[in-house]
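Contents: one structure, followed by commentary.
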Amino acid sequence: MTKPLNIGMIGYGFMGRAHSNAYAKVNHFFDLPMRPVLKAACGRDQAKVRAFADRWSYESVETDWRKLVERPDIDCVDICVPNNLHKEIALACAANKKMVLCEKPLAMNGAEGREMVEAVEKAGVANMVWYNYRRVPAVTLAKQLIDEGKLGRIFHYRAKFLQDWTINPELPQGGTALWRLDVAAAGSGVSGDLLAHCIDTALWLNGDLVSVTALTETFVKERKHNLTGKVEKVGIDDACIFFGRFANGSLANFESTRYARGHKALYTFEINGEHASIFWDLHDLHRLQYFDHRDGGLTRGWRSVHVTDGEHPYMANWWVPGLQIGYEHSFVHQVADFIKGVASGNLAQPTFRDAQRTGLVLDAVLASAKTGQPVDVVRD
Ligand SMILES: NC(=O)c1ccc[n+]([C@@H]2O[C@H](COP(=O)([O-])OP(=O)(O)OC[C@H]3O[C@@H](n4cnc5c(N)ncnc54)[C@H](O)[C@@H]3O)[C@@H](O)[C@H]2O)c1
């Protein structure tokens, strides 16, 4: 018997859409003991949230997230709002014994994240953070290859996340769509927005980061603020570069920026091990580049693995070998794994506790950027 899992969605922007799509599709492709039911959508603007609810077939709407969290017919709350709201909503979910799915980054900083971890664990509610790139099949395959020891000892982990959409100094900060430029809503700039993804993947694939040395820059120092109408100081980092050391002895080299003209969402990582290397690129997300030094010399070279075979992670649930899937499917996989975790009692990762590790690396990165000195990553 498939049980209903009543979803309360808070936020109807980019992620509200990506997650709603995943809830709608997941049971068509995965055999699961629960079926998400789109019970209620919440946003501050009644007309807009109504239009969203109609388009995605939510049964009802709320304009105050507190009401949604308190509703007895909601099992699971999905937090798809700017970062400064994550903590308050997550704590309310814990108080109301609701399962909670939270968008990344978990919190504005490690201190907030700690409170959130404690609250959901004390309440005993299922929880997860949407670091969705773990569930791109090629990235999951990278994890399998590393865990099988194919790369041997790891020497280097290199990651970049490059965009170019904030170069225009006339772009305002704050309010709808531009909250990412407002430090009060976002907490940080490219570090919490983009590097957070790179760090989560890295910790998952390569283990803990122990220390980091960082450099940040804010290229446009003042922008008009949409909420006040005044020109105000920009508090976010526009670019962030850091290097560091992992617990396994490998070296970290990370970069993210919104000032790389020509790049829209160029998330790449490369891992160099003693026997083999792996490279992945979000713009070509269904491929994993793999080089194995143990291959015969004459034909040794980089292999471009088209990750679409039935034996590849998640792919048996989709089409036939050779036909690729894309960005949206990473969210479908995450919902499928969340439901399996709830049913088995073995929660899917990353839980709030897992995601807190990324928050603590971000704290260390931003602290190091202030002084230019290396900073050890705190472990909770
Ligand atoms: N996993 C990913 O790859 C990924 C990608 C993009 C964004 N995110 C994260 O998702 C979250 C949302 O980002 P987004 O891109 O969807 O933003 P968005 O601007 O597209 O949408 C934000 C939504 O929050 C709503 N909102 C704001 N304040 C609210 C309030 N007080 N009550 C109810 N609703 C409110 C807005 O009306 C809007 O619907 C952020 O934490 C962001 O970091 C994650």
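The values are calculated or read from the model by the stated rules, or taken from the named source; none is laboratory data. If you're wondering where the values come from, they're calculated on a predicted model, not measured in any experiment. Cβ coordinates were reconstructed from backbone atoms using ideal geometry, including for glycine residues, and neighbour counts include every protein chain displayed.
Structure above, values below:
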| item | result |
| --- | --- |
| Unmet criterion (only one of (1) more than 18 Å from the chain's Cα centre (by Cα); (2) crowded, with 24+ Cβ neighbours inside 10 Å) for Ala107 | (1) |
| All positions within the range 248-263 that are in a strand (DSSP E or B), crowded, with 20+ Cβ neighbours inside 10 Å and not small (Gly, Ala, Ser) | Phe254, Glu255, Thr257 |
| Members of the range 90-108 found to be in contact with a Cys (Cβ under 8 Å, 6 or more places away or on another chain) and near the ligand (Cβ under 10 Å from one of its atoms), listed by number | Glu103 |
| Filter pass, Lys370 being touching a Pro at 6+ places or on another chain (Cβ under 9 Å) and assigned to a helix (DSSP H, G or I) | no |
| Search result, residues across the range 111-163 that are free of Cβ contacts under 8 Å to residues at least 24 places away in the same chain and either touching a strand residue (DSSP E or B) at 6+ places or on another chain (Cβ under 9 Å) or assigned by TED's automatic domain parsing to the domain that holds Asp281 (or both) | Asp147, Glu148, Gly149 |
| Given (1) more than 26 Å from Asp354 (Cβ to Cβ); (2) modelled with pLDDT of 95 or more; (3) within 11 Å of the ligand (Cβ to nearest atom); (4) polar (S, T, N, Q), number of the condition Thr176 does not satisfy | (2) |
| Filter result for Ala186 (within 12 Å of the ligand (Cβ to nearest atom) and small (Gly, Ala, Ser)) | yes |
| Criterion (surrounded by fewer than 24 Cβ atoms within 10 Å (Cβ to Cβ), over 20 Å from the mean Cα position of the chain (by Cα) and within 12 Å of the ligand (Cβ to nearest atom)) met by exactly one of Arg135, Arg71, Arg44 | Arg44 |
| Residue check, Pro36 buried (at least 23 other Cβ atoms within 10 Å of the Cβ), within 30 Å of Asp309 (Cβ to Cβ), in contact with a helix residue (DSSP H, G or I) (Cβ under 7 Å, 6 or more places away or on another chain) and not assigned by TED's automatic domain parsing to the domain that holds Ala367 | yes |
| Scope the range 14-41; condition within 12 Å of the ligand (Cβ to nearest atom), in contact with a strand residue (DSSP E or B) (Cβ under 7 Å, 6 or more places away or on another chain) and in a helix (DSSP H, G or I); matching residues | Gly16, His19, Ser20 |
| Residue, nearest to the ligand (Cβ to nearest atom), within the range 47-60, restricted to residues that are within 24 Å of Ala185 (Cα to Cα) and either out of contact with any strand residue (DSSP E or B) (no Cβ under 6 Å at 6 or more places or on another chain) or not in a helix (DSSP H, G or I) (or both) | Lys48 |
| Residue that is without any contact (Cβ under 8 Å) to a residue 24 or more places away in the chain, part of a strand (DSSP E or B) and closer than 19 Å to Leu145 by Cα, where the choices are Phe279, Phe269 | Phe279 |
